[in-house]
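Read-outs throughout are calculated quantities, based only on the coordinates presented, and are distinct from any laboratory measurement. Just so it is clear, the structure is predicted and the values come from calculations on it, not from any experiment. Positions of Cβ are generated from backbone atoms using ideal geometry, with glycine treated the same way; all protein chains shown enter the neighbour counts.
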Amino acid sequence: AEYMGTFLVSYLMAKSSKATAAPKGSKGSKGSSKGSSKGKGSAKAASSASASPSESVSSETAASVRYGSSDSASPPPAKAAAKGTKATKAKATKSSKASTKTPVRAVTKAAEEDDGDGTFVFWSLACQIVIVVLFGVFVRYSPDSDVYQPIAQGATAVESYPLVTDVTVMVFVGFGFLMTFMRRYAFSGVGFVMLIAVLSIQWYILVGGFWERVLHNEWHHKITVDVKKILLADFAAASMLISFGGVMGKLSPSQLMIMSVSHICFYSLNEAISLFMGISDIGGSMVIHAFGAYFGLAVSAVTTTVKEKKRVKIGVVATDFNTEIFAMIGTLFLFCFWPSFNAAPSVGGNQRNRAVTNTMLCLCASAFAAFVGSSFFRRERKFFMVDVQNATLAGGVAVGAVADMNIHPVGALIIGYFAGFVSVYGFARVTSRLEKWFGLYDTAGINNLHGMPGIIGGVASSIMAGIASMAFYGDSMESLTNVYPQRAMETKNRSAYRQAGLQMGFLLITLGIAITSGLVTGLVLRWLPNRCATRVTKSFEDEFWDVPGVHPHVEGADTSVSSDSTME
């Protein structure tokens, strides 16, 4: 304000001297105008000299004030001021428009360049054509379903259909909703579960039938399919979905299809080995859960890129209220149907009753331990939804290998409590250490829900097999051999200790096959050219889905793009 006052006084003095020296309209007005310009310059110099350094302003600010206060007696400065003002306004308007349009243009360009998975159609058609041809040549109905057999013959197989339905609901609904926990990957979570499951079921019927022919050396029979085979195919799909949890957000649909084909091949091989060795694992703690978890972790270890690791660190793998609620719905489905999952392969009778009872007790114990462990291991002393969503199910995983054994109700509770605490500890402590020490990024925490509880189940099955005897099973050889079929075969001459050793040995074989085959599959996916299998460019996002409100280049779509949807 002081500077403006000084400048105004100097300006009026210069104007007064100009008017005195040359009257308006005279021939000397031009010269006086020049003189006045000099006077203005001297006045400006004087005013700036009289002002303190702290009170001075930039030349651009002074020029704008000066040009704004000039009158008609000074045409050139007025024109320059008008020109400068217009240019400034035009520049500001252009800058404002550019800043408004830049995000939309950037997102539009990115959306136009993102063409989805260009190789998916090729791989899907190739897989389906191969499956259809092989089904036509090698697959037939089982005798229970054959039209040439009596109608009543298939009644026994159909009795297990309710259990098969329960397992199918677990695979498609339970796993589907459980995988929606990431807010930017919810479409992919539930959608890819269905894609993987339907492919795995079809492929397992072929590959599982092949290994069955190898195991029994019966090449003159066709591969048969019935309700029981569909149940086993559901188990194979569940194992692949467990592996999917470790690589969520890192692989494209084409890569997931290749991974599914590879996983089912090695899963079927491991399952055939378990049948050959006479392993008791009715609920699949080792065959399904441990194999699926460590196969997926091995693939993740090889395929996870540096960019994906950085995106994990900056919080891209984020959840919100809605996605956590949907994931919890998946947990509730799995919790309610898990007894059917563990009991479905049983022959019925007291074996099935024990499987259902032990599984339910173990689930309740692990659910209780999940709440206690979440409050204990978390520094905030609060319940974390990720613990409740996963550790509540750890009991069902751990009890799978011993579900039909005579472990007593108290044994089921102990296994459930232990598995629940271990699972919560995994989410609270182990996952971050695996990322820090080994660079192993487990998106869905499959090591905590399926890996470690699966190992617990394998160890428990070895202990229970070592103490199993006829007296332990009510002096009933039938009850004993329903659980351990090889104990009834005289040619095998298998003792309880030998069975226990084989149980532990098979656990190690499972881990070896899972990790080795997972590393090989990961290397194939990593080095496969992009033209053969499209790679992910926006990890942990619904890159391959048309998400409403995220694509502004579509007519009528929401163009208010926020940093939430553009993540960079």
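Test of the criteria: in segment 310-401, which trypsin sites (Lys or Arg not before Pro) are in a DSSP loop and have at most 13 other Cβ atoms within 10 angstrom of their Cβ?
Arg379, Arg381, Lys382
Evaluating 6.51 cos²θ - 1.76 cosθ + 1.60 at θ = phi - 60° for every residue in segment 439-454, the Karplus couplings come out as x, 9, 9, 9, 4, 9, x, 5, 5, 7, 8, 10, x, 5, x, x Hz, glycine and proline recorded as x.
Distance cut-off 21 Å, Cα to Cα: go down the list Lys313/Lys382; Lys250/Lys309; Lys382/Lys538; Lys310/Lys382 and report the pairs above it. Among Lys313/Lys382; Lys250/Lys309; Lys382/Lys538; Lys310/Lys382, the Cα-Cα distance tops 21 Å for Lys313/Lys382; Lys382/Lys538; Lys310/Lys382. Can you give me the relative contact order of segment 191-342 as a percent, contacts being Cα pairs under 8 Å and 6 or more apart? Relative CO of segment 191-342 lands at 29 percent. Extension gain for Glu218-Asn530 works out to 108.2 nm (0.36 nm per residue, less the C-alpha to C-alpha distance). If R0 is 35 Å, the Cβ-Cβ spacing of Ala126 and Val306 corresponds to a FRET efficiency of close to 0.65.
Once the Cα-Cα distance is subtracted from the 0.36 nm per residue extended length, the Arg140 to Ser495 segment shows a gain of 124.0 nm. Here r is the Cβ-Cβ distance between Val547 and Phe472 and R0 is 56 Å; the resulting FRET efficiency, rounded to 0.05, is 0.50.
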